[in-house]
Amino acid sequence: MIINNEVQKALKEGKAVVALESTIISHGMPYPKNVETALSVERVIRDQGAVPATIGIIDGEIVIGMTPDQIEDFGKKKGIAKVSKRDLPIVVAKKLYGATTVSATMLCAKMAGIDIFVTGGIGGVHRGAETTFDISRDLKELGEVDVTVICSGAKAILDIPKTLEYLETEGVTVLSNKAPRFANFYSLSSDGPVDYVFQTPEEAADILLAKKNLGLKGGVLISNPVPEEMALPHDYIDSLVDQAVRECEEQGIKGKEATPFLLKRIVELTGGKSLETNIALVRHNAELGAQIAISLAAKKGVR
């Protein structure tokens with residue numbers, strides 16, 4: 001593992017550090033939008049006073065805090081492996097490039113000592129999982145790894161009620177920033193329940209610190225709805241997701257290839273609107289994540 005000097009210094013001094021994934025760069029958006037988004041999200045975190053740490057694997061080395069040049073390289077490079085927990089030893093041993101999913105980013109953040117991780121949407125229980133058993137490893141990682149994840153809910157292609165049921169089984173605390181229901185990625189909210197609604201980053205940090213002091217294992221999931229002005233109507237996006245899912249099934253696309261296909265297809269069907277919404281919600285999550293990280297670092301410093 002290689003930890004960027006800036007990130008290493010911040011961790012040593014007990015300052016706020018926010019982890020970011022690299023799958024959004026290599027598999028989530030087209031070039032150059034992917035690189036522009038990754039760098040703009042880092043700027044949002046810096047503007048709040050925290051240190052960003054984009055995580056990826058380069059020539060078999062886990063990099064905590066990719067440089068702008070490395071992010072640019074990731075954005076252009078073809079054939080980068082999409083890495084979950086099961087893929088980590090292979091990509092490291094074979095000295096490959098790997099883009100970390102929510103699952104792998106959580107694991108790498110934990111190894112580096114980073115408490116807060118910002119993403120767009122988590123993986124979850126796929127539609128029809130009662131017959132396919134297609135459930136993202138992200139949910140197991142949330143149940144096992146002591147990292148807080150800030151997101152705008154589960155990706156729109158997933159079954160939110162089943163995802164929340166699975167999180168409950170894993171004992172994952174689900175918090176919401178001001179909104180009374182679980183966020184719905186491109187849309188404002190779902191019908192899904194949350195465990196608690198907080199009003200300030202400081203209030204969220206208090207809960208995270210209490211969990212740590214109690215010695216409870218596993219992560220916390222923080223739901224942060226997309227900014228209202230960028231939200232897409234639920235019925236509109238749901239009909240397009242249904243169409244994309246049908247096309248995915250017709251083409252026989254399964255497993256880890258399904259999510260990139262579906263997200264790309266939804267961008268096409270919305271005429272690019274979903275991509276702009278995706279970028280807005282990631283930036284929004286980064287702002288909240290940095291604020292919570294700063295508050296948590298301050299509270300740890302005065303214990």
Go over the candidates ARG283, ARG246 one by one and state the one that is on the phi < 0 side of the Ramachandran plot, over 18 Å from the mean Cα position of the chain (by Cα) and in a helix (DSSP H, G or I). ARG246
Yes/no for ILE90 being hydrophobic (A, V, I, L, M, F, W, C) and more than 30 Å from LYS300 (Cα to Cα): yes
Taking the criterion of being within 20 Å of LEU296 (Cα to Cα), surrounded by fewer than 16 Cβ atoms within 10 Å (Cβ to Cβ) and either in contact with a Lys or Arg (Cβ under 9 Å, 6 or more places away or on another chain) or in contact (Cβ under 8 Å) with a residue 12 or more places away in the chain (or both), would at least one residue in the stretch 142-161 satisfy it? no
Counting only residues in the stretch 82-104 that are in a strand (DSSP E or B) and out of contact with any Asp or Glu (no Cβ under 8 Å at 6 or more places or on another chain), the one farthest from THR23 (Cα to Cα) is identified as VAL83
From the options GLY289, GLY252, GLY218, residue that is surrounded by fewer than 21 Cβ atoms within 10 Å (Cβ to Cβ) and in contact with a helix residue (DSSP H, G or I) (Cβ under 9 Å, 6 or more places away or on another chain): GLY218
Residue hits (the stretch 168-194; under 28 Å from ARG265 (Cβ atoms) and in contact with a helix residue (DSSP H, G or I) (Cβ under 6 Å, 6 or more places away or on another chain)) are TYR186, SER187, SER190, GLY192
All-but-one check, ILE253 against (1) assigned to a loop (DSSP other than H, G, I, E, B); (2) β-branched (Val, Ile, Thr); (3) closer than 19 Å to ASN278 by Cβ, failing number (3)
Using the structure shown, decide if ILE114 is crowded, with 18+ Cβ neighbours inside 10 Å, of a type in the set (A, V, I, L, M, F, W, C) and assigned to a loop (DSSP other than H, G, I, E, B). yes
Members of the stretch 180-199 found to be under 14 Å from HIS284 (Cα atoms) and either assigned to a loop (DSSP other than H, G, I, E, B) or charged (D, E, K, R) (or both), listed by number: PHE185, TYR186
Output for the stretch 77-100, where each listed residue is of a type in the set (A, V, I, L, M) and free of Cβ contacts under 8 Å to residues at least 12 places away in the same chain: ILE90
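If you take the residues of the stretch 165-179 that are of a type in the set (Ser, Thr, Tyr) and not in a helix (DSSP H, G or I), which of them is nearest to ALA204 (Cα to Cα)?
SER176
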I'm trying to understand the selection: among the residues of the stretch 266-283, which are surrounded by fewer than 22 Cβ atoms within 10 Å (Cβ to Cβ), of a type outside the set (D, E, K, R) and closer than 18 Å to ASN224 by Cα? LEU275, ILE279, ALA280
Exactly one of ILE207, ILE292, ILE222 is outside any helix (DSSP H, G or I), over 21 Å from PRO30 (Cα atoms) and in contact with a strand residue (DSSP E or B) (Cβ under 9 Å, 6 or more places away or on another chain), and that one is ILE222
Looking only at strands (runs of 3 or more DSSP E) that fall completely inside the stretch 1-81, which ones have 2 or more residues that are out of contact with any Cys (no Cβ under 9 Å at 6 or more places or on another chain) and buried (at least 18 other Cβ atoms within 10 Å of the Cβ)? 17-20, 51-58
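With the condition kept exactly as written, say whether any residue in the stretch 210-218 is part of a helix (DSSP H, G or I) and among the polar types (S, T, N, Q).
Scanning the stretch 210-218, I find at least one residue that is part of a helix (DSSP H, G or I) and among the polar types (S, T, N, Q), so the answer is yes.
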Going through the stretch 237-270 one residue at a time, which ones are under 20 Å from PRO30 (Cβ atoms) and of a type in the set (A, V, I, L, M)? ILE237, LEU240, VAL241, ALA244, ILE253, ALA258, LEU262, LEU263, ILE266, VAL267, LEU269
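Any read-out appearing in this document is the output of simple, stated calculations on the displayed coordinates, not a laboratory observation. On a predicted model such as this, the values are computed, not experimentally measured, just so you know. We place every Cβ from the backbone using ideal geometry, glycine too, and count neighbours over all the protein chains shown.
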